[in-house]
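Only one structure is covered here, and it is reproduced in the block below.
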Amino acid sequence: MAQQVQGVIARAKGEPVRIETIVVPDPGPGEAVVKVQACGVCHTDLHYREGGINDDFPFLLGHEAAGVVESVGDGVTEVAPGDFVILNWRAVCGQCRACLRGRPQYCFDTHNAKQKMTLTDGTELSPALGIGAFAEKTLVAAGQCTKVDPAASPAAAGLLGCGVMAGIGAAINTGNVGRGDSVAVIGCGGVGNAAVVGARLAGAAKIIAVDIDDKKLQTAKGLGATHTVNSRSADPIEAVRELTGGNGADVVIEAVGRPETYEQAFYARDLAGTVVLVGVPTPDMRIDLPLLDVFGRGGALKSSWYGDCLPSRDFPMLIDLYQQGRLDLDAFVTETIALEDVEKAFERMHHGDVLRSVVVF
């Protein structure tokens, strides 16, 4: 029988979000209903509210979540009721050309639940990133549920569902940071600081955090940055070069998603170095780089999709590191809030006051 629960809805572009009653259907074939325990307030949710993703309003926001599987539909074998899971927004298909080539982290046909959650009047909802977890319960494709150690804190574990995984994966999976490498991270919000953590986990010898906010730089230093650069008062390109023997960093991770910071990343890397774009640009943004410089500097210019992660591989491994005390996911939880505080959390995010506000149910 379908259930009615409370969820955070974005009705129209730029309007404050509101809590409304939503209808969650019983899971169909390949689907699962998850009782959400915690969900981080990610900048992508704000993008949805502002119409920066698409205009398929109304949206059921929230996607960076962990919870317990309540029920599953026919044919589901990977999870069962009672499993503690992190939700992911790239459930691999196993059949596309990327999956068949052994690269499921690049799956080109990721899927979501086929049924729609609705408002009580029958209006269909668009769940953020196919998840919609600012709700007491949500309907997802079973492949979007990754089982992990139930001893982990839901507030911390859920952050692997998006921002923290994106940052760690940008360093480890996309950037291939290795032992002894020098790494610069431009933009030290939640994703950028997660990239700092990823670089530290990978054994980077020098990790340079770049931002315009001294508070964020202090946080980055606490998470493993060896050096910090305030780009309001110093040229970040020259500063990174100076800190790397005049050469530039082996890997530069751009976690802002703006043309000017991407250009900084491009010129702050060493010859044959790697630039990783993990910050999300808007559709109108363009870059203008001399093609001769692209050729002459060599190396690689990469974009990082969800940290190029494979949830079934990466989530359990990172939760194990968390449980061992080697990955401080708790440091990313600035505050825990109630469902009705999401709009205020957007304001704090906009002002750069938090790494993550986390809704706890």
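The values are calculated or read from the model by the stated rules, or taken from the named source; none is laboratory data. Predicted, not measured: the structure shown is a model, and the values here were computed from it. Cβ: placed from backbone, ideal geometry, glycine included. Neighbour counts: every protein chain shown. With ligands, DNA and RNA removed, areas are computed over all heavy atoms of the protein, side chains included. Shrake-Rupley method; radii C 1.70, N 1.55, O 1.52, S 1.80 Å.
What does the charge count near residue 206 come to, summing +1 for each Lys or Arg and -1 for each Asp or Glu among other residues with Cβ under 10 Å from its Cβ?
Values: positive: none; negative: 181, 250.
Computed value for this residue: -2.
Between helix 259-268 and the chain, what is the angle of the helix's C-alpha long axis to the longest principal axis, kept within 0 to 90° and rounded to the nearest 10?
So the inclination is approximately 50 degrees.
Hey, could you pull the Cα Rg and Dmax for segment 34-159, both in Å?
14.6, 45
Would you mind checking which residues have amide H under 5 Å from residue 257's amide H? H placed 1.01 Å from N; only 5 or more apart, or other chain.
The answer is 279.
For helix 214-223, what angle does its Cα long axis make with the longest principal axis of the chain, in degrees from 0 to 90 and rounded to 10?
Taking the Cα atoms of the chain, the angle to 214-223 is about 80 degrees.
I need the phi-derived Karplus couplings for segment 137-153: 6.51 cos²θ - 1.76 cosθ + 1.60, θ = phi - 60°, integer Hz, Gly and Pro marked x.
9, 9, 9, 9, 5, 4, x, 7, 9, 10, 6, 9, 4, x, 6, 6, 5
What are the ³J(HN,Hα) couplings of segment 288-296, residue after residue, when phi is run through the Karplus curve with 6.51, -1.76, 1.60 and θ = phi - 60°? Round to Hz, x for glycine and proline.
10, 10, x, 4, 5, 5, 4, 5, x
What does the convex hull of the alpha-carbon atoms of segment 72-126 project to on average, in nm²? Kindly include the intermediate steps, with their values, before the conclusion.
Working: hull surface 21.7 nm².
Result: 5.4 nm².
Quick one: Karplus J couplings for segment 334-351, per residue in order, coefficients 6.51, -1.76, 1.60, θ = phi - 60°, nearest Hz, x for Gly and Pro?
6, 7, 10, 9, 8, 4, 6, 9, 4, 4, 5, 5, 4, 5, 5, 4, 4, 8
Would you tally the net charge around residue 313, using a Cβ to Cβ cut-off of less than 14 Å, leaving residue 313 out, and scoring K and R as +1, D and E as -1? Intermediate values should be presented prior to the final figure.
On the way: positive: 90, 103, 147; negative: 78, 308, 314, 320.
Once positives and negatives cancel, what remains is -1.
Specify the angular offset, from 0 to 90 degrees and rounded to the nearest 10, of the alpha carbon long axis of helix 311-323 from the longest principal axis of the alpha carbons in the chain.
Relative to the chain, helix 311-323 is tipped by roughly 80 degrees.
Under unit Cβ charges (Lys, Arg +1; Asp, Glu -1), what dipole magnitude, rounded to 20 debye, does the chain have relative to its Cα centre? Before the final figure, lay out the partial values.
Details: 31 positive and 44 negative charges, 159 e Å.
Here the size comes out at about 760 debye.
In segment 159-262, which trypsin sites (Lys or Arg not before Pro) are in a loop and have at most 11 other Cβ atoms within 10 Å, using DSSP for the loop call? List each step's numbers first, then the result.
On the way: sites: 179, 200, 206, 215, 216, 221, 232, 241; in loops: 179, 232.
Filter output for segment 159-262: 179, 232.
Of the candidates 95, 218, 323, which one comes out as most mobile in a Gaussian network treatment of the chain with C-alpha springs shorter than 10 Å?
It is 95.
Provide, for the chain, the number of lysine pairs with alpha carbons under 24 Å apart, each pair being eight or more places apart or on different chains.
Final tally of qualifying lysine pairs is 19.
Viscosity 1.567 mPa s, temperature 4 °C: give me the Stokes-Einstein translational D for segment 261-361 in µm²/s, with Rh taken as the Kirkwood radius over C-alpha pairs.
Numbers: Rh = 17.3 Å.
Stokes-Einstein gives a translational diffusion coefficient of 75 µm²/s.
Take the eigenvalues of the Cα gyration tensor for segment 179-264, scale each by 5, and report the square roots as semi-axes in whole Å, largest first. Provide the component values of the computation, followed by the final result.
Details: eigenvalues 53, 46, 27 Å².
Computed over segment 179-264, the values are 16, 15, 12 Å.
For residue 185, enumerate residues with amide H under 5 Å from its amide H, sequence gap 5+ or separate chain, H modeled in the peptide plane.
208, 209, 210, 253
Of the DSSP beta bridges with both residues in the chain, give the percent that are antiparallel, rounding to the nearest 5. Walk me through the intermediate numbers first.
Details: 36 of 63 bridges.
Restricted to the chain, the bridges split so that about 55 percent are antiparallel.
With +1 on each Lys and Arg Cβ and -1 on each Asp and Glu Cβ, and nothing else charged, work out how big the dipole of segment 29-161 is about its Cα centre, in Debye to the nearest 20. Please list the in-between numbers first.
On the way: 10 positive and 15 negative charges, 94 e Å.
I would put it at about 460 debye.
Taking a quarter of the surface of the Cα convex hull of segment 120-198, what do you get in nm²?
Numbers: hull surface 30.6 nm².
Answer in nm², one decimal: 7.7.
For residue 57, what residues show an amide H to amide H distance below 5 Å, using hydrogens built from the backbone and excluding near sequence neighbours?
Amide H to amide H, under 5 Å and 5 or more residues apart or across chains, residue 57 pairs with nothing.
Could you tell me how far the Cα centroid of segment 116-187 sits from the Cα centroid of segment 2-62, in Å?
14 Å
Excluding residue 60 itself, calculate the net charge of residues whose Cβ lies under 12 Å from the Cβ of residue 60, where each Lys or Arg counts +1 and each Asp or Glu counts -1. Display every interim value, and only then the final one.
Details: positive: 11, 18, 49, 116, 137; negative: 20, 45, 56, 124, 136.
Counting the neighbours of residue 60, the net charge comes to 0.
Report the full-extension gain for the segment residue 47 to residue 80: residue separation times 0.36 nm, less the Cα-Cα distance, to one decimal in nm. Don't skip to the answer; put the middle values down first.
Numbers: separation 33, 0.36 × 33 = 11.88 nm, distance 3.28 nm.
Gain on extension, residue 47 to residue 80, equals 8.6 nm.
How would you order 310-320, 41-51, 106-116 from highest to lowest mean count of nearby Cβ atoms within 10 Å?
Working: 310-320: 19.4, 41-51: 21.8, 106-116: 16.9.
Top of the packing list down: 41-51, 310-320, 106-116.
How large is the convex hull of the Cα atoms of the chain per residue, expressed in Å³ as a whole number?
Residue-normalised Cα hull volume stands at 130 Å³.
Once the Cα gyration tensor of segment 1-72 is found, what semi-axes does its equivalent ellipsoid get, as square roots of 5 times the eigenvalues, in whole Å, sorted largest first? Could the numbers behind the result be given before it?
Numbers: eigenvalues 111, 37, 26 Å².
Taking √(5λ) for each eigenvalue gives 24, 14, 11 Å, largest first.
What does the accessible area per residue of the chain come to in Å², with a 1.4 Å probe and no ligands, DNA or RNA counted?
Values: 15250 Å² over 361 residues.
Ligands and nucleic acids excluded, the figure is 42 Å² per residue.
So what is the 222 nm mean residue ellipticity for the chain from helices alone, if each DSSP H run of at least 4 adds -39500 (n - 2.57) and you divide by all residues, rounding to the nearest 500 deg cm²/dmol? Provide the component values of the computation, followed by the final result.
Numbers: 11 runs with 91 residues, N = 361.
Rounded to the nearest 500, it is -7000 deg cm²/dmol.
Quick check: at a probe of 1.4 Å, how many percent of the accessible area of segment 191-329 sits on carbon and sulfur atoms? Don't skip to the answer; put the middle values down first.
On the way: 3390 of 6530 Å².
Reported share for carbon and sulfur atoms: 52 percent.
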